[in-house]
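Engineer: A single structure is presented below for examination.
The values are calculated or read from the model by the stated rules, or taken from the named source; none is laboratory data. Computed from a prediction, not measured in an experiment: that's the story for all the values here. Neighbour counts run over all protein chains shown; Cβ positions are idealised from the backbone, glycine included.
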DNA sequence: CTCTGTATTTTTAACGTTATAAATACATAT
DNA sequence: ATATGTATTTATAACGTTAAAAATACAGAG
């Protein structure tokens, strides 16, 4: 007999009985329908408060079709330490005080996130979706646009139809990082990039090339590895590269884990970061404030990104057009190597 | 807008119409009620499949009171890198294939997690709750036991009534860590502990003291800081300690961030970890595989912890008694400093 | 004093599901 | 034939909410 907690929870019916009006009237009073008498509304609100009433989400959802749920699909890869937690923190901060709940679904496997999104839409599991790691021709974005389902992507696409997004300014990051390396006297700079398919690879590359071209500096893109390679692979590859001729003396690492992996490789080679090799990393977690030797780092504020993602999504759900919901997030700060 | 046939989601009514039986019969067939004829059941399942039917969660929830939601309350502090993401990954892995959804709520502010839990219970927002950072006399646990609401805590309490939990074996961690330091020739070992109020502080302390007493080694608990102090504070405090007389030459750091902070302080003092000061850290993220100089580390597998938390919670929801749902998670591996 | 308009409230009818009671069919025992 | 089961299905009601239609009251206009 697990049915111990007998219905002690107040409903609109409870309020209606107490105030002496109909349930429908209570519903509309709580919704602040201007058609209801000011007086009645106040009384209903007061007694609702007294009784500790809170609406039944299931009933609302069944009746209205609005789930009051936001879905967040997390990428399987964590090349950024605490990526998920930071984003979740930001989203939740924005959702605080709204009736929205955040459902989190990590995306194991490869590209099953498309399938997950399909199910969320088909079964109307949420009012809106947030996901990350977009591609220029992102199938998920196409699907969601087609289905006219509210979403905001963390990252851009190159589709003709505009869509809401929040994206870090990776172009400027890469350009500034390259400029920093050059200013410090690097002769040949290298950059580690994300896998080909992701849009932000292009942004990083363009920023990098912009600085490279302006200065005419020797450069390279690290081969055989990407931001998504596991730490050991990155370490090993960079270690090897520094054993070859014409190795770079300046490195751009757009992620916490890859930054650490590169530093480890450099050190294992007997080189000193900041001296023999200039390094600029993109960090989100703050680890590089604690890692020695200190290296220059630029911050991407994922918590703020999360807040903006949620903010734009709520606006999208309320009908704001996509063109007003596109945000490129600036670099939020940087730390000089001591 | 002529639709009605195309975009409408199939319901039990759709199935009933197609098969030619009543809605109630469909419901029971889908539930595999043995009272239903085998034949009918099969037919209903088949057509449900064909129509792409999936039950409406809101309706089920309204009718049955079961939300099919698990709530995870994340601590505000992230002394462990990626704590949230790892735990979420584990929980989600276990929940995969079940009808349960994971709602994540980071706990900003101080101890508002008690308030959040109260609301989850009062408004029946979930079928079960997971939370962490327990105290010996944890108010949340008392409340949930009192309310007879399913939960599993990540961490133990010292309450008389048994409750489900998953807890890392911090006792053994601290004992082994201390033994390692002693074996490496440390003369005075120190440990950084969590704030007083948390249960796992005692476990760490007891493990530490067990090893200390057995060996009679000189020892200390780092003062003026805790695991929850921010990285800068930890760094500064340890830096200062190493400038005083009788400084420890062996350190136990039970967290990623504190480990990094300590290493930074040691290095900033001109000392070498692994040489002048022996260090053992507890890591969950893998960062210490990448940090130089290498230090000894013991792993806490948070992803596995998440899976167990979810597993025990599902069992609890199904009525398994609390005494069968208590798990102390062993150390999952260690990395020797090179 | 009826007519009509306006303000407010009540009634009705769902949303999709499931638990319970009631009904049906058909066999077997009396 | 009537009663008594047994197996299966249907009918009914409800979970709590809200949108739409219908009803009520009461004002001022004619």
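Engineer: Just the residues that are on the phi > 0 side of the Ramachandran plot and either surrounded by fewer than 24 Cβ atoms within 10 Å (Cβ to Cβ) or assigned by TED's automatic domain parsing to the domain that holds residue A:231 (or both), please, taken from segment A:80-103.
Structural biologist: A:97
Engineer: Oh, and also: Need the failing condition index for residue A:71 against (1) outside any strand (DSSP E or B); (2) within 14 Å of the chain's Cα centre (by Cα); (3) within 24 Å of residue B:10 (Cβ to Cβ), just the number.
Structural biologist: (1)
Engineer: List the pairs whose first member sits in segment B:297-323 and is more than 24 Å from residue B:281 (Cβ to Cβ), whose second member is surrounded by fewer than 18 Cβ atoms within 10 Å (Cβ to Cβ), and whose Cβ atoms are under 6 Å apart, counting only residues at least 6 apart or on separate chains?
Structural biologist: Going by the 6 Å Cβ cut-off, the qualifying pairs are B:322/B:162; B:323/B:162.
Engineer: I would also like to ask the following. Exactly one of these conditions fails for residue A:20: (1) away from DNA strand D (no atom under 13 Å from the Cβ); (2) in contact (Cβ under 8 Å) with a residue 12 or more places away in the chain. Give me its number.
Structural biologist: (2)
Engineer: Considering only residues of segment A:18-59 that are within 14 Å of chain B (Cβ to nearest Cβ) and more than 9 Å from DNA strand C (Cβ to nearest atom), which is nearest to residue A:152 (Cα to Cα)?
Structural biologist: A:57
Engineer: Regarding segment B:154-175, can at least one residue be identified that is modelled with pLDDT under 95, more than 14 Å from every other protein chain (Cβ to nearest Cβ) and out of contact with any helix residue (DSSP H, G or I) (no Cβ under 6 Å at 6 or more places or on another chain)?
Structural biologist: Looking through segment B:154-175, none of the residues is modelled with pLDDT under 95, more than 14 Å from every other protein chain (Cβ to nearest Cβ) and out of contact with any helix residue (DSSP H, G or I) (no Cβ under 6 Å at 6 or more places or on another chain).
Engineer: Another question, then. Could you please give the count of residues in segment A:320-338 that are on the phi > 0 side of the Ramachandran plot and at pLDDT 95 or above?
Structural biologist: 0
Engineer: Let me ask another. Could you go through segment A:71-91 and let me know if any residue there is within 9 Å of DNA strand C (Cβ to nearest atom) and out of contact with any strand residue (DSSP E or B) (no Cβ under 9 Å at 6 or more places or on another chain).
Structural biologist: No: segment A:71-91 contains no residue that is within 9 Å of DNA strand C (Cβ to nearest atom) and out of contact with any strand residue (DSSP E or B) (no Cβ under 9 Å at 6 or more places or on another chain).
Engineer: Related question: Which of the numbered conditions does residue A:15 fail, given that it passes all the others? Conditions: (1) farther than 27 Å from residue B:318 by Cα; (2) near DNA strand D (Cβ under 9 Å from one of its atoms); (3) under 37 Å from the mean Cα position of the chain (by Cα); (4) at pLDDT 95 or above.
Structural biologist: (3)
Engineer: Moving on. I'd like the full set of residues that are surrounded by fewer than 15 Cβ atoms within 10 Å (Cβ to Cβ) and either within 12 Å of DNA strand C (Cβ to nearest atom) or farther than 23 Å from residue A:65 by Cα (or both), limited to segment B:6-16.
Structural biologist: B:7, B:8, B:9, B:13 - these are the residues of segment B:6-16 that are surrounded by fewer than 15 Cβ atoms within 10 Å (Cβ to Cβ) and either within 12 Å of DNA strand C (Cβ to nearest atom) or farther than 23 Å from residue A:65 by Cα (or both).
Engineer: Exactly one condition in (1) more than 7 Å from DNA strand D (Cβ to nearest atom); (2) in contact with a helix residue (DSSP H, G or I) (Cβ under 6 Å, 6 or more places away or on another chain) is false for residue B:36; which is it?
Structural biologist: For residue B:36, the exception is condition (1).
Engineer: Which ones in segment A:133-148 are touching a residue at least 12 places away in the same chain (Cβ under 8 Å), surrounded by fewer than 19 Cβ atoms within 10 Å (Cβ to Cβ) and in a loop (DSSP other than H, G, I, E, B)?
Structural biologist: Matches in segment A:133-148: A:136, A:137.
Engineer: A further question on this structure: Please go through (1) touching a helix residue (DSSP H, G or I) at 6+ places or on another chain (Cβ under 6 Å); (2) in the same structural domain as residue A:152 (by TED's automatic domain parsing); (3) within 16 Å of DNA strand D (Cβ to nearest atom) for residue A:124 and return the number of the only condition it doesn't satisfy.
Structural biologist: (1)
Engineer: Could you give every pair whose Cβ atoms fall below 6 Å, whose first residue belongs to segment B:1-17 and is within 13 Å of chain A (Cβ to nearest Cβ), and whose second residue is at pLDDT below 90 and more than 16 Å from DNA strand D (Cβ to nearest atom), counting only separations of at least 6 or pairs across chains?
Structural biologist: none
Engineer: In addition: Hey, which of the helices (runs of 4 or more DSSP H) in segment A:184-294, taking only ones fully inside, have at least 1 residues that are within 11 Å of another protein chain (Cβ to nearest Cβ) and touching a helix residue (DSSP H, G or I) at 6+ places or on another chain (Cβ under 9 Å)?
Structural biologist: Counting at least 1 such residues, we get A:231-241, A:256-268.
Engineer: I'd like to verify a number: residues in segment B:24-53 that are assigned to a loop (DSSP other than H, G, I, E, B) and free of Cβ contacts under 8 Å to residues at least 24 places away in the same chain, how many?
Structural biologist: 7
Engineer: Next question, about the same structure. Output the residue which, of all residues in segment A:81-132 that are in a loop (DSSP other than H, G, I, E, B), at the interface with chain B (Cβ under 9 Å from one of its Cβ atoms) and touching a residue at least 12 places away in the same chain (Cβ under 8 Å), is nearest to the chain's Cα centre (by Cα).
Structural biologist: The residue in question is A:82.
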